[in-house]
1. Keeping to the stretch 600-615, report how many residues are part of a strand (DSSP E or B) and either open to solvent by 10 Å² or more (accessible area, probe 1.4 Å) or at positive phi (or both).
2. Of all residues in the stretch 616-626, which are within 13 Å of D549 (Cα to Cα), touching a residue at least 40 places away in the same chain (Cβ under 8 Å) and open to solvent by 30 Å² or more (accessible area, probe 1.4 Å)?
3. Any idea which of W288, W304 is within 16 Å of the ligand (Cβ to nearest atom) and closer than 28 Å to G186 by Cα?
4. If the requirement is being touching a helix residue (DSSP H, G or I) at 6+ places or on another chain (Cβ under 6 Å), open to solvent by 30 Å² or more (accessible area, probe 1.4 Å) and not acidic (D, E), which of these qualifies: V205, V184, V162?
5. Going residue by residue through the stretch 568-583, is there one that turns out to be open to solvent by 10 Å² or more (accessible area, probe 1.4 Å), within 12 Å of the ligand (Cβ to nearest atom) and under 24 Å from S391 (Cα atoms)?
6. In this structure, is E524 among the acidic types (D, E) and either within 16 Å of the ligand (Cβ to nearest atom) or more than 26 Å from S633 (Cα to Cα) (or both)?
7. Hey, can you tell me all the residues within the stretch 463-518 that are free of Cβ contacts under 8 Å to residues at least 24 places away in the same chain and in contact with a helix residue (DSSP H, G or I) (Cβ under 7 Å, 6 or more places away or on another chain)?
8. Does E274 satisfy being touching a His at 6+ places or on another chain (Cβ under 7 Å) and assigned by TED's automatic domain parsing to the domain that holds L404?
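The values are calculated or read from the model by the stated rules, or taken from the named source; none is laboratory data. Being a predicted model, the structure only gives us computed values, none of them experimental. Cβ atoms come from the backbone with ideal geometry, glycine included; neighbour counts cover every protein chain shown. These area figures cover heavy atoms from the full protein model, side chains too; ligands, DNA and RNA do not enter into them. Shrake-Rupley method; radii C 1.70, N 1.55, O 1.52, S 1.80 Å.
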Amino acid sequence: MASVLPLGQILCGREISAGNIGARGLPLRVRVSFIGSSRRKSSKYDHYFASSNVDLESAEEKIQRLTATVERLKARIAELEGLVPSTRSRVEESMEQQPTPKQLLKSITMNVPVLKPEPSQKLGEIDRLPSIVWPSPSDEIPFWKRGRLRHEVAGLGSTKDVENDRNPLYIIHVTAEMVPLAKVGGLGDVVTGLSRACIDRGHKVEIMIPFYECIPGEQIKGFSPGESYSSYHKGNWISVQVYRGKIAGASVLLVQPKNQFFKGSSIYGGSYDELEAYLFFSRACLEWMQVTNNHPDIIHAHEWHTGAVSMLYWDMYHHLSLKKPRLVLTIHNMEHYGECRMEQLNMCGLEGSTYRTSDKAVDDRTIGHNPERLSLLKGGIVYSNAVTTVSPSYVNETLCSGWLSSTLMKHRSKYFGILNGIDTELWNPETDPYLPVGFSATDLMGKQACKQYLQRGLGLEPDELPTQRKTYQECKRSPLIVCITRLVAQKGIHLIRHAMYHVDQMDGQFVLLGTSRDPRVKGEFEHHATKVCLLCSEELAHLLYAAADIVLVPSMFEPCGLTQMIGMRYGAIPVVRKTGGLADTVFDVEHSKAIDANGFVFEGIDERSLNSALDRALQQFREKPHHWQALVSKVMLLDNSWNKSAREYVGVYNSVRV
Ligand code: ADP
């Protein structure tokens with residue numbers, strides 16, 4: 001029997017007695033009978049691991065989407081007409097030359113360029129774009145900060161035309177990050193993107209995050225105080241204030257403890273103990289559900305930060321009044337596993353020593369050491385009803401290596417790989433408010449303008465623009481390679497550094513947008529001759545994706561990776577290392593089926609391997625501009641949205657709901 005709280009302790013106003021903490025709610029074994037559609041019968045989980053093909057159903061969807069794109073383009077003409085009246089007939093003319101959605105679809109599936117191969121004509125019209133105030137490196141305000149609205153904070157509405165699911169669910173995400181309030185990496189994108197996709201399918205979704213001091217509460221739509229209550233920490237009950245707001249259509253609950261937790265100028269790295277703070281947060285979220293009588297169908301926890309939620313639920317709150325929720329944990333990166341001492345676990349009211357066994361939460365590598373350690377991520381895996389990670393390939397990799405592989409193998413039947421999507425409303429080159437001008441797969445003129453804009457703003461030599469006398473092919477154009485990343489070993493720092501030199505030698509341009517907490521890493525990049533922006537800037541990231549010809553992702557391992565997918569949405573061709581989610585989303589133009597081919601892939605971890613892919617990409621950019629342009633249009637039309645992935649998540653939710 002698990003003794004989770006000392007008898008006699010008051011919890012939520014109730015005294016704990018032997019009667020209400022007796023039985024341990026062990027995780028249920030999960031059976032999934034339906035998620036998405038699988039034609040093969042061999043295994044009921046096969047569809048998690050099959051790579052997606054363009055089937056008839058998705059072809060239909062594509063035609064519908066492309067028709068919508070054409071409609072949007074027409075609307076844009078009307079807009080341009082207002083801005084530049086004299087250009088109307090020419091724009092209409094160029095619209096008439098656009099391929100039909102069916103032709104475009106054919107180009108995707110057959111890998112043939114049906115876009116009119118007359119780039120000089122289309123790109124030569126750049127001077128007709130709405131007047132752009134070109135930036136320069138000496139501008140007082142950096143060009144990426146030019147008074148654009150932070151539209152996400154104001155809130156985007158739902159715009160997707162997706163049918164509602166039957167039996168709507170009530171889902172609460174418990175997470176350390178969400179875009180745009182608290183983002184450090186992909187976790188923040190995923191929580192918001194998945195939530196919005198589920199809302200679009202008719203589900204009720206709430207997101208609970210810590211109210212970090214650096215979050216600008218007053219900028220959140222509908223920001224208002226919610227419930228006040230107390231939650232347990234280290235023998236005391238700490239006052240908690242919840243604030244509510246709407247972010248990009250999703251309801252957010254910001255949890256603010258009245259102690260030092262979550263104070264500081266950044267999301268992570270404040271002067272409080274992070275592990276203790278997230279343990280407190282995990283319990284405070286469950287406590288809120290209990291005191292407010294909110295009983296979701298699913299509590300969806302993310303990463304080690306909230307791994308303790310399932311332990312607290314099954315060993316404490318389920319014996320109180322929370323009976324209905326079932327727990328789903330998503331692992332975004334196995335590298336962080338929430339190392340925890342037993343006495344730290346005691347602080348949130350659990351009895352740390354009861355989790356010190358191999359089938360519960362002990363970090364197996366520390367068995368026999370003094371002291372042994374626990375892992376919140378492992379506890380989360382063991383105690384959750386279902387565990388997901390962010391790509392099918394990463395499932396296979398994590399089952400085969402790493403110290404958690406034996407635990408995952410033991411819980412194999414409830415462990416699924418669902419590829420992340422990207423939020424195609426937040427990442428939309430046609431409507432992106434951070435860009436000087438929008439563009440689409442059928443009208444790449446704006447992309448060329450964005451490239452010029454970035455080149456001028458950073459002081460790089462701008463590409464020549466086509467004129468009546470000079471065709472696109474004759475113009476001097478430099479390939480622009482971008483890399484947008486946290487600068488940690490996982491991301492292949494040595495290859496990024498090498499790529500900078502190599503691209504320089506190959507007469508290309510390289511821009512790195514990176515962050516690092518390590519002064520040595522910072523120093524290493526700061527002194528580099530080519531352009532390096534060591535900062536975290538959502539605005540600049542949008543501009544870079546839009547301007548880039550190539551997006552580089554040379555990760556040593558990558559659970560899913562979003563930058564290659566965002567890059568493709570903005571017409572940047574990915575050059576990636578074949579690992580994890582990169583292997584599931586990027587397929588080499590020379591070594592894959594034509595239908596899938598969308599980038600350049602290498603396998604080794606050395607510089608020559610990287611060169612082999614990068615050089616092929618540069619060569620194609622320079623020597624086959626028509627092919628390159630067709631590839632750009634093709635990748636922009638690929639569907640990496642949340643639609644399919646959200647359907648799979650809902651399948652997992654349904655398989656564990658009561
Ligand atoms: P990870 O989650 O491991 O950091 P992902 O590729 O899954 O990597 O997600 C990275 C996300 O963070 C992307 O949305 C990317 O645009 C963004 N990002 C990474 N570095 C920066 C930066 N320096 N400035 C702005 N956005 C960044």
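1. 1
2. R622, the sole residue that qualifies.
3. W304
4. One residue alone meets the criteria, V162.
5. yes
6. For E524, the condition - among the acidic types (D, E) and either within 16 Å of the ligand (Cβ to nearest atom) or more than 26 Å from S633 (Cα to Cα) (or both) - is met.
7. D463 - this is the single residue of the stretch 463-518 that is free of Cβ contacts under 8 Å to residues at least 24 places away in the same chain and in contact with a helix residue (DSSP H, G or I) (Cβ under 7 Å, 6 or more places away or on another chain).
8. No.
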